[in-house]
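Each remark here refers to the structure printed beneath this line.
Readers should treat all values here as calculations from the given coordinates under stated rules, not as data from a laboratory. Small disclaimer: the values here were computed from a predicted structure and weren't measured. FYI the Cβ positions are ideal-geometry reconstructions off the backbone, even for glycines, and counts take in every protein chain you see.
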């Protein structure tokens, strides 16, 4: 079972307050409900591929004393051929939708009734219903964090964005071929959203994975930094050894000034050690910056020798 499926299953087990039932049910109808006419009578279908969500829809509709309900199971003919569960209401559809204040001429209203989201708990329930109906969230183990809720109508996406903005979720809306998408990209905000709608087990798992990924990334950064420093140290030591051997072969180390000569001799004796350790091994006390200065002097001498070599040949 995917992370999104586990999260939705957890959400379907939440017990709603009486004031929040209408909010979640309104969101479910607006996001996955279809109003159509059969033999001149309106019929409301709520469809989902998730059996737990179908049970949730049925239970919420019964709690609001909806008309006679039918439960249909259909098989998709394309792609994964999953079951599609349809909760169908044939009687009292218009009256029921009017009690939720989402009935308009021509179908289901895209606006969210003010009474439906009058309280903070009801706004959270509405977000939960919207996520159950048409939401998805990436597994935190994946490369990117992403949570989205699809909306068939742009007006409805704007209303949903207003609710998300009230909770400072930094959500955004983008248009796609099949509608408008409200989405979150920040891991912190996805955690806040899941917490708001009541998916506390999902939050714990998400945070656990994020902590492990953060530690793993930190270790990788440290290892990369140490490797880069080591490579830099080795490259510098190789270059220093080449300069000193060139000086030794063409003019002799004995002809160097005393301070440069002791650096050259010590480096030849200990070619692999870093500069700080090399400072401690020199006969006279010298700082790391002082040692760097002497090595640059040796490099300048080596450059002059290289420049003169073509003339000597």
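Brief remarks follow.
- Contact order relative to length of the range 215-312, as percent, for alpha carbon pairs under 8 angstrom and 6 or more apart: 30
- Separation between Cα centres of the range 35-68 and the range 173-240, rounded to whole Å: 41
- Taking each residue as 0.36 nm, the span from residue 119 to residue 309 lengthens on full extension beyond its C-alpha to C-alpha distance by 59.8 nm.
- Normalised by the number of residues in the range 1-80, the mean separation of alpha-carbon contacts (under 8 Å, six or more apart) gives a relative contact order of 25 percent.
- Degrees, to the nearest 10: 18-32 long Cα axis against longest axis of the chain: 80
- R0 of 51 Å, Cβ-Cβ distance residue 94-residue 138: FRET efficiency to nearest 0.05: 0.85
- Spin-label pair residue 64-residue 17: with each label point 7 Å from Cα along the Cα-Cβ axis, the two points sit 1.8 nm from one another.
- Highest mean packing comes first when the peptides 232-245, 150-163 are listed by Cβ atoms within 10 Å, giving 150-163, 232-245.
- Estimated D of the range 206-279 in µm² per second, where Rh is the Kirkwood radius over Cα pairs and Stokes-Einstein applies at 10 °C, 1.306 mPa s: 106
- Each Cα pair under 8 Å and six or more residues apart adds its sequence gap; the mean of these over the residue count of the chain is a relative contact order of 14 percent.
- Calculated FRET value between residue 146 and residue 34, using beta carbons and R₀ = 35 Å, to 0.05: 0.85
- Part-to-part distance (alpha-carbon centres) for the range 241-292 and the range 123-171, which is given in Å: 65
- Dividing the summed -39500 (n - 2.57) terms of all DSSP H runs of n ≥ 4 by the residue count of the chain sets its mean residue ellipticity at 222 nm at -19000 deg cm²/dmol.
- As computed over the chain, the Cα convex hull volume per residue (Å³): 227
- Using alpha-carbon coordinates, inclination of helix 258-269 to the longest axis of the chain, degrees: 60
- The calculated P(r) of the range 24-148, using every Cα pair and 5 Å bins from 0, goes 2, 10, 18, 22, 20, 14, 8, 4, 2, 0, 0 in percent.
- Stokes-Einstein D for the range 142-229, Kirkwood Rh over Cα pairs, 25 °C, 0.890 mPa s (µm²/s): 164
- Protection proxy ranking, peptides 183-196, 129-142, average beta carbon neighbours within 10 Å, highest first: 129-142, 183-196
- With Cα atoms, 0 to 90° folded angle of helix 154-166 axis to the chain main axis: 60
- If the chain linking residue 1 and residue 300 were pulled fully straight, counting 0.36 nm for each residue of separation and taking away their Cα-Cα distance, it would gain 101.0 nm.
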